[in-house]
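Reading through the structure tokens given below for one structure.
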Amino acid sequence: MKRYCDSLVIGGGIIGLSCGYYLSREGFKVQVIDSMEFGSGSSGACDDMILLQSKKPGVVLELAMESLEMYRFLHMELGCDLGFKQMGGMILIENQEELAVMEEFVSSQRSCGLNVDIVDREELRRRQPHVSDRFISSTYSPDDSQVDPFLVMKGFINAGQRLGMEVRYREAAVTAEKNGAGRWQVLTSTGCIVEAENVVISAGAWSNIVGGLFDISIPIFPRRGQLLITEKIPPIGETNLWSASYMVTKLRPDLAKVRENQSEYNELGLGFSFTRTAHGNYLIGSTREEQAGFKKLVDYRALEALSRQVAHIIPLMRHVHIIRHIAGFRPATPDGKMILGPWPGKEGLYVASGHEGDGIAMAPITGKLLSDIFTGRKSITNMKELIPRCMVV
Amino acid sequence: MENEQNRLICRCEEITLEEIIQAIDNGCTSLNEIKRYTRAGMGLCQSRVCSRLIARIIAEKTGKPLDEIVPVTARPPSRPVRIDIFSPRGCNVKNS
């Protein structure tokens, strides 16, 4: 059997579905295929944040801010609830060294137009009465928001289908070649050949495996994250939370504090995130593990480390139950920026992937930018930092 | 029939028979997929109660034999466990 379309999107996670939807909106005939099931990859094993505060000033922060603006109105466009909420976010600061680093970081973000501030101990207590006394201050941004990734994916699917988009799960790309007319012929695991003018690879952490079918090497690798999910409880603070120690480790490695369990911290890449879902469960994160490959497993060491960390920062949480411990793969790139645009030397092949931990936040803007590239509204010379680049993994 | 459709299948997340059937009609064919699509099984019991009911609904709707329906992915802890059980040193917060 043979199917025809303008654009074949390989990967049906939140990024692929966003690309599919925005291309459909421009009138392209789009088919999305995914080797796995709805929500079975990273879009279903992540937290739900549109976090602006963690972004370094520059293209990533600018796009995140634009993406947030799109999310504010996306439910109207897609015609369904997306669980969008703007709870704000705070990054907890434990000592003067961290404070100095965060003050500098916050002022550079403010100069990019981000609404963020450093607040004193008193305001921290007022907004977060259950956070341990050891924290001396905190950042605060009212703009940090969240959505339910499953609802966003369903929204893109349903709205896309109304525009003629076709989505097929459990259908993998097996081989790819060009025919005499220069169109892609992609053989799939169901025995179909899909003929398409353009192919978009949006397979997240698995993008490089798909890239192999097209004889390209995409510098995206899986970085495992483990999260704990709690029972539903009432809100215990005004905003979602992170800790500055992790940000400081990234921004100023020389200041990284030596801990009791340093090797464990390094191996697990432990950082603190604490977010309340639209449904009332808290998501407690997370690890950043380089060596796990595609092993979608959780381990007791991480469970213990994440529990100890949250009990240390929010003592009240000791009394709350964990109902599930999950793992997922962030699609990471060597320079920490997503890859978006046409692949050099391969006509009709595009990559939209490598968002690491920002896939949920960046989904709308990614699909929109890709459709702008397709229609020629956006010249890729304005996006030098994102277009596929040669990097050593 | 209306009552039948409103019957709760997943009590933790309050997901009705109608929502499960809608998910199957929209192409979901596995327990994991229905869980991600509807939230059925994401609650306190982690699908211990509803997964057999949903497996039967899938079997009835799709004709797939019951014993070919793969169980949902199991993750620890096997029942809800308080955080302080996992963080013995966290109990004495001042010294941790």
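The values are calculated or read from the model by the stated rules, or taken from the named source; none is laboratory data. From a predicted model like this one, the values you see are computed outputs, not experimental measurements. With ideal geometry, Cβ positions are generated from the backbone for all residues, glycine too; neighbour counts draw on all protein chains shown. These area figures cover heavy atoms from the full protein model, side chains too; ligands, DNA and RNA do not enter into them. Shrake-Rupley method; radii C 1.70, N 1.55, O 1.52, S 1.80 Å.
Restricting the stretch A:315-336 to residues that are more than 20 Å from B:Arg79 (Cβ to Cβ) and small (Gly, Ala, Ser) leaves a set whose member that is nearest to the other protein chains (Cβ to nearest Cβ) is A:Gly328.
Could you check the stretch A:114-169 and list, in sequence order, the residues that are within 12 Å of chain B (Cβ to nearest Cβ), within 30 Å of A:Thr188 (Cα to Cα) and open to solvent by 10 Å² or more (accessible area, probe 1.4 Å)? Across the stretch A:114-169, the qualifying residues are A:Pro149, A:Phe150, A:Leu151, A:Lys154, A:Ile157, A:Asn158, A:Gln161, A:Glu166, A:Val167, A:Arg168, A:Tyr169.
Would you be able to tell me the number of residues in the stretch A:267-300 that are touching an Asp or Glu at 6+ places or on another chain (Cβ under 8 Å) and of a type in the set (Val, Ile, Thr)? Result for the stretch A:267-300: 2. Taking the stated definitions as given, is A:Ile229 among the hydrophobic types (A, V, I, L, M, F, W, C) and either in contact with a Phe, Trp or Tyr (Cβ under 7 Å, 6 or more places away or on another chain) or within 10 Å of chain B (Cβ to nearest Cβ) (or both)? Taking the combined requirement at face value, the residue satisfies it. Checking the stated criteria, A:Val194 turns out not to satisfy the condition of being under 23 Å from A:Pro331 (Cα atoms) and not in a loop (DSSP other than H, G, I, E, B). A:Gly204 falls short on exactly one of the conditions (1) on the phi < 0 side of the Ramachandran plot; (2) buried (at least 16 other Cβ atoms within 10 Å of the Cβ); (3) assigned by TED's automatic domain parsing to the domain that holds A:Glu347, and that condition is (1). Looking at the stretch A:264-314 only, could you name the residues that are open to solvent by 20 Å² or more (accessible area, probe 1.4 Å), within 11 Å of chain B (Cβ to nearest Cβ) and assigned to a loop (DSSP other than H, G, I, E, B)? Passing the criteria: A:Ala278, A:His279, A:Lys296, A:Leu297, A:Val298, A:Asp299.
I need a count of the residues in the stretch A:224-263 that are over 16 Å from A:Gln53 (Cα atoms) and either modelled with pLDDT of 95 or more or open to solvent by 50 Å² or more (accessible area, probe 1.4 Å) (or both). Talk me through it step by step, then tell me what you get.
Here is the first cut: in the stretch A:224-263, the ones over 16 Å from A:Gln53 (Cα atoms) are A:224-238, A:252-263.
Still in the list and also either modelled with pLDDT of 95 or more or open to solvent by 50 Å² or more (accessible area, probe 1.4 Å) (or both): A:224-238, A:252-254, A:257-260, A:262-263.
Total meeting the criteria: 24.
Inspection of the stretch B:37-47 identifies no residue that is away from chain A (no Cβ under 12 Å) and open to solvent by 50 Å² or more (accessible area, probe 1.4 Å).
When you check A:Arg110 against the structure, is it outside the structural domain of A:Val194 (by TED's automatic domain parsing) and open to solvent by 40 Å² or more (accessible area, probe 1.4 Å), yes or no? Judged against the criteria, A:Arg110 is a match. Selection within the stretch A:209-223: residues that are open to solvent by less than 20 Å² (accessible area, probe 1.4 Å) and touching a Ser or Thr at 6+ places or on another chain (Cβ under 8 Å). The member of this set that is nearest to the other protein chains (Cβ to nearest Cβ) is A:Ile220.
With (1) within 13 Å of A:Met247 (Cβ to Cβ); (2) modelled with pLDDT of 95 or more; (3) of a type outside the set (Lys, Arg) as the list, and A:Leu78 as the residue in question, which single condition is left unmet? (1) is the only condition that A:Leu78 fails. Screening A:Lys346 with (1) touching a residue at least 40 places away in the same chain (Cβ under 8 Å); (2) more than 27 Å from A:Glu195 (Cα to Cα); (3) open to solvent by 20 Å² or more (accessible area, probe 1.4 Å) gives one miss only, at (2).
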